[in-house]
Amino acid sequence: MMPWNALSPAEQTLMRCGLWQSLLAGTIQQYGIDLRWSGATDAPPLRSYTRDEQRALVPQLASVARDLVERGLLAVRIRQGLGAAPTDPVVTGSQLQDVLTEPANWLWSPRAEVTFGLHATESAREWWHASALPAVAGDGLPGWDELTPEQQEVLVCASEAGGMLTGPFGILGDPPTELTGAELSAWVDRQLAPLLPFVGEGWIEVRHFAVESDDAFTVIPLDGLRSAFTDRSLRHDDGDEWGVGLGCVFTYTGLAVWRSG
């Protein structure tokens, strides 16, 4: 089996999604994230791909997915429940071609009638654990007991799927309604203090999600965090939609550090 680093960025993304048993829909967004985290010159800017940009990438990703299936590393299954199951039917032959070349199957939608999942094969999993699993970072993160409760909460949030910092399901409280100007900025600075070192190290990425029924997001860089968190409309503190507001996620570098702890 070839070394992990010999895989193309597209192959790496599809294999990661297969190991996670992710939905096919949304995979192209992950491809853009992977390109950005690796510093690729063709990576998207600090945002998700638009739907038109995703459609334009479907032929490329479909071709890579077909090749991985033919090499016995990946399978495409029809998702029959909310989560992946070993009984989900495998898509083969001409149906596989039809599924992979249909752009709608690659674009996330909350109303999709039929969804498809990517599954790494057993041989691919054995190869991953034997030679491709990222090494645990031996230093960087203090011991768990050395972290403040607020830092611990941020790290747990980043480790969760859909970890939200603000909004009705976020871990950070709403700023008092009477605060404005410098007082609001000072209050936000105190709230952000546990998060800033992790973002500065490149371990955690902060994103803004504007709409519940879409997977589009904008990345908030370190120097934009205070401005974003003082903007009550971006925080979405007064809404009730799941996944809208400011959230966080581990980068691959952060995941390696997290595993060391």
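The values are calculated or read from the model by the stated rules, or taken from the named source; none is laboratory data. None of these values were measured; they are calculated from a predicted model. Positions of Cβ are backbone-derived with ideal geometry, glycine not excepted, and every protein chain shown enters the neighbour counts. Side chains are part of the model used for accessible areas, which takes the heavy atoms of the whole protein and leaves out ligands, DNA and RNA. Shrake-Rupley method; radii C 1.70, N 1.55, O 1.52, S 1.80 Å.
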task: Give region 75-115 a look and list any residue that's within 12 Å of Ala62 (Cβ to Cβ) and not aromatic (Phe, Trp, Tyr), or say none.
output: Val76, Leu96, Gln97, Asp98, Val99, Leu100, Thr101, Glu102, Pro103, Asn105
- prompt: Before we move on, is Leu118 open to solvent by less than 60 Å² (accessible area, probe 1.4 Å), in a strand (DSSP E or B), touching a helix residue (DSSP H, G or I) at 6+ places or on another chain (Cβ under 8 Å) and at pLDDT 95 or above?
  reply: yes
statement: Checking Leu234, Leu246, Leu255, Leu196 in turn, the sole residue that is more than 26 Å from Arg111 (Cα to Cα) and in contact with a helix residue (DSSP H, G or I) (Cβ under 8 Å, 6 or more places away or on another chain) turns out to be Leu196
- request: Name the residue, out of Gly163, Gly173, that is within 27 Å of the chain's Cα centre (by Cα), closer than 26 Å to Glu212 by Cα and surrounded by 18 or more Cβ atoms within 10 Å (Cβ to Cβ).
  value: Gly163
statement: Counted residues in region 87-109 being closer than 27 Å to Glu212 by Cβ and either within 22 Å of the chain's Cα centre (by Cα) or among the polar types (S, T, N, Q) (or both) come to 7
statement: Checked pairs for region 148-170, first closer than 16 Å to Ala193 by Cβ, second charged (D, E, K, R) and open to solvent by less than 30 Å² (accessible area, probe 1.4 Å), C-beta under 6 Å and 6 or more apart or across chains, list as Thr166/Arg235
field: Complete set of residues in region 74-97 that are touching a helix residue (DSSP H, G or I) at 6+ places or on another chain (Cβ under 9 Å) and free of Cβ contacts under 8 Å to residues at least 12 places away in the same chain
entry: Thr92
- line: The number of residues in region 49-86 that are among the hydroxyl-bearing types (Ser, Thr, Tyr) and within 20 Å of the chain's Cα centre (by Cα) is 2
statement: Counting only residues that are touching a residue at least 40 places away in the same chain (Cβ under 8 Å) and part of a helix (DSSP H, G or I), region 174-184 contains a total of 1
